[in-house]
Amino acid sequence: MRTLQDINELRATLRNYRLKGQRIALVPTMGNLHAGHLALIATARQHADVVVSSLFVNPMQFGPGEDLDAYPRTFEADQRQLTEAGCDLLFAPTVSALYPNGLAAQTCVHVPEVGEGLCGGSRPGHFDGVSTVVSMLFNLVQPDVACFGEKDYQQLAVIRKLVADLHMPIEIIGVPIVRADDGLALSSRNGYLSEQERAIAPTLYRTLCELRDALAQGESAEQVLQRGKTALYDAGFTPDYLELRDATLKPVAVSTRHAVLLAAAKLGPARLIDNLSVQLPSAATD
Ligand code: PAF
């Protein structure tokens with residue numbers, strides 16, 4: 001695997017692949033890779049001749065007081081894992097390469113509606129940062145296909161809308177959540193948890209499973225969500241949100257059958273997110 005930092009070198013290298021008619025896949029990451037990222041690479045491999053990954057801890061998507069400085073940087077281990085996973089090219093630019101004029105002067109991509117509420121509500125500006133850096137990466141790499149994890153359900157929806165609204169010819173593929181044996185969704189932020197917090201953390205997934213089953217049996221969403229919040233508080237979480245939306249993140253309507261439960265909750269120093277799809281029966285939408 002080649003690692004490139006320089007934008008011009010990246011473009012020149014990709015031009016060669018493209019001239020040979022090779023299909024290019026992109027897997028954007030912020031590093032500190034785990035099995036969830038490796039599933040993205042494996043999916044990318046199935047859809048392209050050349051797999052490009054990017055590693056960039058994007059300052060624009062972190063709010064004041066968030067974990068930009070603490071975010072784990074494990075470059076050598078990431079390079080090793082990507083090589084073993086069959087990634088062909090790693091693009092790892094510096095902050096000044098992507099934002100030469102600083103963040104304040106940066107042109108920004110804002111995706112309305114789907115980026116509002118949920119994580120967009122509790123992390124103002126977060127999705128502007130994600131949309132801006134992902135647009136840049138799409139522009140630099142010009143992939144045919146790009147893979148993103150379904151754990152960041154709202155992020156995936158934002159990116160799908162971004163690509164559709166800006167007419168980018170890129171196929172976006174969502175890759176299912178990879179979980180630890182006890183159900184906890186893999187995340188770089190799980191590393192912030194103490195041993196005791198790590199033992200509590202799977203309660204988030206277990207709670208979502210219980211709520212999904214109750215909703216599928218026709219219990220009212222309001223009642224179920226209230227019970228879920230109480231269960232999370234009781235376990236030691238501070239929930240940011242626990243919501244039921246339709247699969248496109250619009251409010252659930254009477255006709256909705258495919259819905260998604262979405263949660264974000266703080267546990268010690270970590271803010272964990274998770275989601276689970278739900279099949280609603282006809283009377284469970286009030
Ligand atoms: O999901 C992530 O790791 C990041 O939000 C992404 C898509 C790499 C943009 O910085």
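The values are calculated or read from the model by the stated rules, or taken from the named source; none is laboratory data. Bear in mind the structure is a predicted one, so any value in this text is a computation, not a measurement. Please note: Cβ atoms are built from the backbone with ideal geometry, for glycine as well, and neighbour counts cover all protein chains shown. Just so you know, the surface numbers come from the protein's heavy atoms only, side chains and all, with ligands and any DNA or RNA stripped out. Shrake-Rupley method; radii C 1.70, N 1.55, O 1.52, S 1.80 Å.
Laid out as a table, the results:
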{"item": "Matching residues in the stretch 17-76 - criterion: being small (Gly, Ala, Ser), in contact (Cβ under 8 Å) with a residue 12 or more places away in the chain and either closer than 19 Å to residue 142 by Cα or assigned to a loop (DSSP other than H, G, I, E, B) (or both)", "result": "25, 31, 44, 48, 53, 54, 63, 70"}
{"item": "Options 42, 35, 70; residue that is away from the ligand (no atom under 16 Å from the Cβ), within 29 Å of residue 192 (Cα to Cα) and either modelled with pLDDT of 95 or more or open to solvent by less than 60 Å² (accessible area, probe 1.4 Å) (or both)", "result": "42"}
{"item": "Pick from the stretch 132-155, criterion in a loop (DSSP other than H, G, I, E, B) and not charged (D, E, K, R), ranking: farthest from residue 9 (Cα to Cα)", "result": "143"}
{"item": "The stretch 80-117, residues that are in contact (Cβ under 8 Å) with a residue 40 or more places away in the chain and part of a helix (DSSP H, G or I)", "result": "81, 82, 83, 85, 97, 98"}
{"item": "Yes/no for residue 282 being open to solvent by 60 Å² or more (accessible area, probe 1.4 Å), more than 30 Å from residue 74 (Cα to Cα) and in a strand (DSSP E or B)", "result": "no"}
{"item": "Members of the stretch 118-147 that are under 24 Å from residue 263 (Cα atoms), free of Cβ contacts under 8 Å to residues at least 60 places away in the same chain and either more than 10 Å from the ligand (Cβ to nearest atom) or open to solvent by 40 Å² or more (accessible area, probe 1.4 Å) (or both)", "result": "120"}
